Amino acid sequence: MSPATAPTTHPRRARSEPAPSLCLVPTTLRSANAYIAEHHRHHRPARGCISVVAVAEGSRRCGVAVVGRPLARMLQDGFTAEVTRCCTDGTRNACSMLYGAAWRSVKALGYRRLVTYTLPEEGGASLRAAGFSMVGVAGGGRWHRPRCGRLRADEHPTERKVRWEILSAAGGERR
């Protein structure tokens, strides 16, 4: 076989090893935040949560998702939750599995809508695979307001974000 036609193998597994499948595993906010602190590109750990879930491949944790109250005041209607952090090590399909599990967990608690945001350069394939729809562009800017009286440091991307959402069959109206 030439190198061009040789089968490719996963870099972490030997060719004869079966590929372990991804599975959801329980976790705590403290444990998820430790993972986020180590792996997330541009956000610090989350402050609180409604729900938190992790995904593992075999015994190796490969991602976490944290769901909390929406940061945008207009979305705080009591029936909307927000994925505030989704962080993986790049394992294939881990993000999709986390977004799907996050939606199922808050839907079971009575929430009717789940929103999240991505940076414009992020494609959103995992969100589409989990059933989310792109709503439009939102947010951006700095938290610092001169009349507030205190300086706030922006340690996150300040450009506009792409908003995604998924609705339950019972609905919740889009805002």
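The values are calculated or read from the model by the stated rules, or taken from the named source; none is laboratory data. Given the structure is predicted, the values throughout are model-derived calculations rather than measurements. Note that each Cβ is placed from the backbone with ideal geometry, even for glycine, and that neighbours are counted across all protein chains shown.
Under the condition of being in contact with an Asp or Glu (Cβ under 7 Å, 6 or more places away or on another chain) and at pLDDT below 90, the residues counted in region 1-52 number 3.
In the set (1) over 13 Å from the mean Cα position of the chain (by Cα); (2) at pLDDT 95 or above; (3) within 22 Å of residue 165 (Cβ to Cβ); (4) not in a loop (DSSP other than H, G, I, E, B), residue 61 fails one condition alone, (3).
Among the residues here, residue 60 qualifies as of a type in the set (Lys, Arg), more than 19 Å from residue 124 (Cα to Cα) and surrounded by fewer than 18 Cβ atoms within 10 Å (Cβ to Cβ). For region 118-158, the set of residues classified as at positive phi and at pLDDT 90 or above consists of 124, 131, 136, listed by residue number. The single condition among (1) among the β-branched types (Val, Ile, Thr); (2) modelled with pLDDT of 75 or more; (3) surrounded by fewer than 16 Cβ atoms within 10 Å (Cβ to Cβ) that residue 55 does not satisfy is (3). Figure legend. Inter-residue proximity from region 125-153: first residues under 19 Å from residue 112 (Cβ atoms), second residues at pLDDT 65 or above and among the small types (Gly, Ala, Ser), beta-carbon distance below 6 Å, spacing 6+ or different chains. Indicated pairs: 130/96; 130/100. Across region 73-93, which residue is surrounded by the fewest Cβ atoms within 10 Å (Cβ to Cβ) among those that are hydrophobic (A, V, I, L, M, F, W, C) and not in a loop (DSSP other than H, G, I, E, B)? That would be 74.
If the condition is being under 16 Å from residue 89 (Cβ atoms), assigned to a helix (DSSP H, G or I) and over 15 Å from the mean Cα position of the chain (by Cα), then region 25-41 contributes 31, 34, 38.
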